[in-house]
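In what follows, a structure is listed as structure tokens, so that the remarks can point back to it.
Where a number appears in this text, it was derived from the coordinates with a stated rule and is not lab data. Because the structure is a prediction, the values reported are computed rather than measured. In this analysis, Cβ positions are derived from the backbone assuming ideal geometry, glycine residues included, and neighbour counts consider all displayed protein chains.
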Amino acid sequence: MNRFSYGITRSVSRCVQRIVLFLLAISWPIALQAQSEPFAHGVRNDLPRPYETYRDWGGLPGNTAAWAAVTAVEPAPNNETIYVVHRCFENSCAGRPEDPILKFDYSGRLLASFGQGLFLFPHGATVDHEGNLWVTDARSNEVLGNQVIKFGPDGEILMTLTHAGSDSEPLHWPNDVVVDPSDGDIFVAESHRGGRNNRIVHFDRQGRFIKTIGSAGSAPGQLSEPHSLALDSRGRLFVGDRENNRIQIFSQSGELLDVWTQFGRPSGLFITQDDTLYVADSESGPDTGAGELTGIMKGIRIGSAIDGTVHSFIEDLEPLRDDHSGAEGVGVDSAGNVYGAVVRRRMLERHVPRP
């Protein structure tokens, strides 16, 4: 090769290199963005969405024109009835005439309502293996609140929990409750935002205090606004540690078993008999100063309570707006329909699996 030919070849080679470097320079950020867009804080936004959504499911009492803030929805084990808990007019039941507990059949027909005058700020709920409904009151005044009430299927009061032991302080802003089907032991999560305890209180089936699990903080095993509880088939206690943006899994003796962040910021938890885990993330998206995870869509993430994989998603109506929150409570009926209890926009959503 002569010098002239070599010079041309070298010039062409340099041009090609420059073109390649230029293309890499403009495409590499795009490639990175494309890879990172579906993920934020380890949470995926690009999961399959296999549900059809219907809003304002269920008939209301004749003297009620619209839903109040819906806080919990709990299907009963008879595969026939569903309990819905709401917070009365203007997000408080103080002095209100409404019944905050509504009982429906699977078609959405209202069967009964009860609970008027018993609550200030009804919050979390569960239906135990015997069909009894437990509801927490996460506020208090000099007369009502700071308690967990157990109702029979027809609304009769069977038990009230108010203290974490005969010589201990009263419960403070209890968020949620769950009951172990194997022995009837009761677990209560406290406190709501700004609450003082941030722990789980363990009672036996008779309501006798056993112990507490956790303390305030952000270290592993510590809690900040434990907002929701659930038990899997092995009896492991799942805690929606909301202000810490994680689920913590404990043994019933209080040993920390695992910490999961892939389900987002958990407001509500529900685990079905086959260990499918449903997590309602009502607060992620823009940061409003409460430590929310940015870049994550609000909605319900669905996965495995066994290994923590997340496989599908129900997107919220306004998934990235900070002036609305998504569903806080979540329940699943025996047909696989998913119910979202929406507080700020005041609605009950029903998500039906697509064929």
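Sequence-ordered 3J(HN,Hα) estimates for the stretch 320-331 from the Karplus curve with 6.51, -1.76 and 1.60 and θ = phi - 60° stand at 10, 8, 8, 8, 9, 10, x, 5, 8, x, 9, x Hz, glycine and proline given as x. Contact order for the stretch 45-353, expressed relative to its length and based on alpha carbon pairs under 8 Å spaced 6+ residues apart, stands at 15 percent. Candidate cross-link partners of LYS211 among the lysines, defined by an alpha-carbon separation under 23 Å and a same-chain spacing of 8 or more, comprise LYS150. For VAL84, what charge total do you get from the other residues with a beta carbon under 9 Å from its beta carbon, if Lys and Arg give +1 and Asp and Glu give -1? Counting the neighbours of VAL84, the net charge comes to 0. Counting charges near CYS93 (Lys, Arg +1; Asp, Glu -1) among other residues having Cβ under 11 Å from its Cβ returns a value of -1. Where does helix 3-36 land angle-wise versus the long Cα axis of the chain, in degrees 0 to 90, nearest 10? The answer is roughly 10 degrees.
With just the Cα atoms defining each centre, how far is the stretch 314-341 from the stretch 51-68? Give it in Å. Cα centroid to Cα centroid, the span is 14 Å. Considering only GLY195, GLY42, GLY289, the Gaussian network model of the chain with Cα springs below 10 Å gives its largest mean-square fluctuation to GLY289. Note that the chain shows a convex hull volume over its alpha carbon atoms of 175 Å³ per residue. The Cα center of the stretch 87-149 and the Cα center of the stretch 163-220 differ in position by 19 Å.
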